[in-house]
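Structure first, commentary second.
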Amino acid sequence: MDSIGPALDVIRHHHEKLDGSSYPDGLRGNELSMIARVMGVVDVYDALVSDRPYRKAMSREKALEILRAEVQSGKIDGSVVTALERIVARDERTASGG
C-alpha cells in the first residue's frame, strides 16, 4: 500500500463532483484534488466513447457535449474539459494528416 499511497486519493475520489453531489465523501470544490478532477473527467470521457455491453460508443463530439453540460451544471472542472478538448482536437488533426 505504501507504494501506491499517492494514487489512493485518485482511486477514492475520481467519482466525486465539484458540487458535492457524488461519492464516496461528498467533497466540494477545492476539497477535490486536481488529479482526481482530471481522472474523473477522463474516466467519464472514456466510458462515453467506448463500446459497452448495453450501448455503442458515442462520438467524441457527443461525449464532449455531455462533459460541457456537466461543467455548466457545476459538477466537473471546466479547465479540465477545455484541456481534454484541445487534446482531442489535436489527435483528430493528427489522425487526418493535418
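Observations on the model:
- Theoretical ellipticity at 222 nm over the chain - DSSP helices of four or more residues, -39500 (n - 2.57) apiece, nearest 500: -18500 deg cm²/dmol
- If only the Cβ of Lys and Arg carry +1 and only the Cβ of Asp and Glu carry -1, the dipole of the chain around its Cα centre is close to 360 debye.
- Amide H within-cut-off set for residue 19, under 5 Å, with H built and near neighbours excluded: 29
- With a simple spin-label model that places each label point 7 Å from the Cα along the Cα-to-Cβ direction, the separation between residue 3 and residue 59 comes to 4.4 nm.
- Based on C-alpha pairs under 8 angstrom that are at least 6 apart in sequence, the chain has a relative contact order of 21 percent.
- Between 0 and 90°, nearest 10: helix 78-95 axis offset from the chain longest Cα axis: 30
Each value in this text was obtained by applying a stated rule to the coordinates, not by laboratory testing. If you're wondering where the values come from, they're calculated on a predicted model, not measured in any experiment. Please note: Cβ atoms are built from the backbone with ideal geometry, for glycine as well, and neighbour counts cover all protein chains shown.
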